Amino acid sequence: MDMENIRQVLEDAAQIFLSAANTITNERRREAEKVFLQFRRSQFSLDLYRYLIEHSSSSYVVYQTLTALREGIVKEWSSLDDALKEQVVQYLLSYVYTHYSTLSAHVREQALQILVVINKRRKAQRAQMAKSGFTVSLALINLLQSTNKQEFEFGLTLLNAFINEYSFSNANEAGLTVEQRHSVKRDFEENELKTVFELLLNKLQSNLSSISSSQSSDHHLFSSILTAIEKILLWNFSSSFSNTRRTMESSSNVETIDWRPPVSWKQLVFDQQLVEFFFHIYATLKSMNETKSLLQRRCQILRCLSQLACLNGSLVSDEQCRLRYLTTFSYYFVQTFLINSTLTINLIECFDISNIIANLITLFTVKGFCSMNNDLCNSFLQLMSQITILLCRTTITSSNNQLDKIIEDPTIAKETFDRLLQAWSRLLYGIDFGRFANLRSLAIEIFDTYLQTHLHINDNYETNDFDLADNDNDDDDRDLFSEQLICIGLFGRHIIDYALPLLIRLLIDRTKKLYNMMNNSSSNINTNILDRINDDLHWLLLICGHVLTEEYDSDEQKTIPEAIMNFSSEQVKYCDLNKCVQIAQHILQQSQLELSDEVMQGVSPITQCLVAVLKLSETERHLCHKGQFEYISVQVAVSLTWFIRRLAANYLGFDEQSYKDVSQTLSILLGKGSEMLEFLTNYFLSKVVTNLQMWASESDVIKETADLFVTLSVKKDSSSIIIKNDLFWTLANNVITNQMPIQLINEEYKRLLIKGITCSCLNNSSDEYRLHFDRSIFQILNQRLHSIVESIHTLIEEIKLNNNNKIHCTNALQTFYSESVLSQISTLINSYCGLIEGGSRCSSEQITYLFEHSQQTLQYILDLFDFYHNYCDQVQIILELFSLYAEHVLVYLNPSHTNIFYTYILRLLQIFTKCNYGKKTKEVNADEDFNAHIYTLLNCLNHLLAKDFIDFSNENSTNTEVNVGDVVLYGLTICLPLIQSDNLLKIPSISLCYYKLVSTLCEQHSECIFRLLNPDQYSIFLSTIKLGLDNYDNEICKMCLETIQNLTLYTIKQQKLNQTNEKTKYLEHFLDYLLQEIVITTTTLSDLFDTLSGTIYTLICAYPNQFYYTLGQMKQYDEHLSMIIDKLANDIGQKPDYNRKAKLSFTVKFESFVTNLRRIMKK
């Protein structure tokens, strides 16, 4: 077929392929696609490609032609002579330049990619080539040096192609190995990229004067240069990587903030004063008349400076060099933006400036910052402070909306403010606060500004310069502004002598105003003033709580901040310790007592704060008792309870051994064994009871209240106090018997209350309280459970007897399906869940005790599981209970108890399978409920397997009558058909849980898979593994590969013992599958190459014959593959033996094989 006919065929195919879906059948579209695939696989012919490019009227045909040219060059590289390659380069350079303005973007990019691929392949052979051979690199340099505007713009486009190709995202396009790609990338960075960067900087300088004109083309060119520079400053240099292979495979899409140019860039970065250059460009732009376009260019410059603030790596490995760079950067930074101690920036620039500050402090560390001279540090801090204050005011809606007009998106200001505060946090945690003369005054100014913008400061509450915006966000302020509050709390601790008295004064003032309004005889309430008082109290509690306490993880030991302890110690000499102890009691006994200066005189600030909070708490209690709920907001109730919980967690019964210096005041007030410790702990318990009574319908308040109760229960000192209080046992009885108002509370929070009750009772060393726990809690729950189960059993037996009472018994049995009884069942099982969660915070002896006394309970619960198998809520809670036992209790059980628990799990699984096979339902949300059941069951099975890794039982014997692998596999065989029939593996949470289970099971108990699964089950099991390889992300794919590898390793062991069976042969298919479908085609598993090659090598060792058969099939597919296939076969040998050293060696050889394979079989 001549070239014109080929063109006509391709254009007809393109027209069909690009036609609208409703005008062309799928069959014709597939035929058209097949035409292009055959064309791309045809013999390489530069003449044909040129003809099609020059004569085709279809851009799609041109694109496909260029694709065929690129793939042909990669595939035929070794057979094409250098003259032909150079001919392609010259032709494409000329073609793209000549048709630059008329070519579509995708055609232009494809043509330029071919040029870069040729250059890249030549670079891989650079030892055999002269410098003049890299014509594409030379063309790039010449174009960027050109004074011709069109040529320069063409150079920028070609540079973009270089940057895209040399990044790791397109790593396989040129047919190079990992090591070759790394090598040519490093060469590009040290030569072309460095030269290009210098040229762009010079071009930027020379075009600076033209930017002042109103010509849009000049602005566009200037912006294009800056965009190219930004890309280079964001470049992920090879010197950033310690492990070439793994990093190139896993980090292709990871954005890093570090800029790590190699040592060869030193002269460019330091000697040519790169930092000064960008600040000079910024200052020049700023001196021009302000326009939107110039502002955008300035922001681009600031983004460049933000990346220069991330300079890292070998270029600044020397401390002196780092300090010199940081000092230079900071000097010009301050000189540019802080003129005569006044901030001179546009608000929209704050985002990038904040990034610069954050990057400097993060990359050069607080130690590096403090190494600069004091004057520069003070100026830097002043600039940082002024930007912080500006942003702080911007994040609050201004009454005159002037700030809103400057910045369009308020969330940008908040994100910027948060990032700047994070930088402050790093600084304040490591800095010597007293060294810098102005830091205290700056901290006070920032702290004051935050208060001013979040409180209604003026007395009449009518107007405010910075009124708080209405917040329609459902998120709690504590979560929404957590980063801000943490940093402001840190500021407050650094100026604690100023911040704490101020907060106390404001807290007392707002509480007094609320108290006065409560006692005002007037029937008219100014709701506006009342709302503002409540809003102020809410924010004061949040700020004060973050000043007095630090953030900790849930399991981390909570302590009093060092700054608070030191401040309290310093204040002892000004305090009357007796008065400190007495005033807290007085405020509770005399709620009308006014906290005047006279009353507070001689009382330590920490005590004053505690007293102010107690006063507010008592005011809230009086309002609630009077039914005046309109006076106190739910938000204040939540924040007050949260504050008390933080105080209880960090201060109550604190361990004096954890501190160098202990405050005498805090020791007397809150230390172990102090009178006030008992008084406050009991008051906090009464606060829990009051909240449950008064705020039962407010879930947010109840959640904090339940958390407060758990905090009191978990701490040994406070739990030993509250358990002696009659209120505790009254509360326990109300919770266990589900009396009002406990009935109104969410089941989740009831469970937390039972957790706290259990924790308090079992953590106490006295047998008296354990007996009380048995009688008042455990036995009551067990009796209730026993009564329900026995009643059900009796009625069922009566019905089976078929006597005269059958109808009556049937009707009676139906009452157990009523809403009220179902609710009781849910509450009862949730109570047992709370018992286990509380017991998990106790000693191993107590956990074992719980299990020993739960055996009959678990049997009864299994009976309920059988009876209520059609009721999703009850099924779910029971599954959760057994999952909790598996997670928290199993690891402490001895072999005998472990066997008993396994038998319970087996019965649970048997009931589940009996009741779910073939089950059909018309219930609303039935699918979601069933999915939750499967997820919880898989989670439970995962917890069972953890026993193999973690065992805290006192008996070391691991011999159990029941094999955990058998139990888990039995559960898996139940779940498998259900999972497959409902396509549950499409649900992310279930798929992750399932593949984690399968991977762990095959790692620890591979023999169970082959021993217990029948062929049909085994086939279904392997199909889910293939599904995981085909459809899921790297995490799941990795687990699937590890599963195959572990199963294959077991097969190899069995082969050595001559004990193979039919099921061991099933894995052969994965060898063919991985080679044909994954190695040949570029898939996501390329990012898991080490795991993939290890799995393939394991399969080769188990099935060498299948491997060589597959290689033979590949040879028939393409004769060009014979050489590389024979080389791989010779490297492996006829009968490879599995060992770690051989597997690592195979990975290197296989990587080279795959690269050549993809190059030759390019589609």
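The numbers here are math on the coordinates, done by the rules we state, and not lab data. Keep in mind the model is a prediction, meaning the values are calculated, not measured. Cβ placement follows ideal geometry from the backbone for every residue including glycine, while neighbour counts extend to all protein chains displayed.
Brief remarks on what is shown
- Difference of contour (0.36 nm per residue) and Cα-Cα distance, N520 to D1090: 197.6 nm
- Signed unit charges on C-beta, dipole axis of the chain, positive-most listed residue T23, T1091, L692: T1091
- Separation in nanometres of the label points that stand 7 Å from Cα toward Cβ, at R770 and Y552: 2.7
- Under 13 Å, Cβ to Cβ, from S596 - net charge with Lys/Arg +1 and Asp/Glu -1: -1
- Normalised size of the chain, defined as Cα radius of gyration per 2.2 N^0.38 Å with N residues, equals 1.15.
- Cβ-Cβ FRET estimate between T23 and L347, R0 fixed at 56 Å, reported to 0.05: 0.55
- Once the Cβ-Cβ distance of K367 and L744 is raised to the sixth power relative to R0 = 51 Å, the FRET efficiency obtained is 0.40.
- Around the Cα centre of the chain, unit charges on the Cβ atoms of Lys, Arg, Asp and Glu (plus for the first two, minus for the last two) sum to a dipole of about 2840 debye.
- Close amide H contacts of F654 (hydrogens built in the peptide plane, cut-off under 5 Å, sequence separation of 5 or more or a different chain): K672.
- For L311, the residues whose amide H sits under 5 Å from its own are W259, ignoring neighbours fewer than 5 places away on the same chain, with H placed 1.01 Å from N.
- Taking 7 Å steps out from each Cα toward its Cβ at N374 and H586 produces label points 4.5 nm apart.
- Phi-derived couplings, Karplus 6.51 cos²θ - 1.76 cosθ + 1.60 at θ = phi - 60°, listed residue by residue for the stretch 1007-1013: 4, 5, 4, 6, 7, 9, 7 Hz, with x used for Gly and Pro.
- Binning all Cα-Cα separations of the stretch 843-1012 at 5 Å, short to long from zero, yields these whole-percent fractions: 1, 8, 18, 21, 21, 15, 10, 4, 1, 0, 0.
- Dividing the helix sum by the residues of the chain, where each DSSP H run of 4 or more adds -39500 (n - 2.57), gives a mean residue ellipticity at 222 nm of -22500 deg cm²/dmol.
- Extreme residue, positive dipole direction of the stretch 632-677, given options Q635, S658, L669 (C-beta unit charges): Q635
- Placing unit charges on the Cβ atoms of the charged side chains and taking the dipole of the stretch 843-1012 about its Cα centre, the candidate lying farthest along the positive direction among V891, P977, F867 is P977.
- Between L323 and E790, the FRET efficiency estimated from the beta carbon spacing at R0 = 60 angstrom works out to 0.15.
- Inter-site label distance for A437 and F629 at 7 Å from Cα along Cβ, in nm: 5.9
- Cross-link check: pairs K1065/K1135; K203/K266; K716/K755; K513/K626; K947/K1056 evaluated at a Cα-Cα cut-off of 25 Å; pairs beyond the cut-off: K947/K1056.
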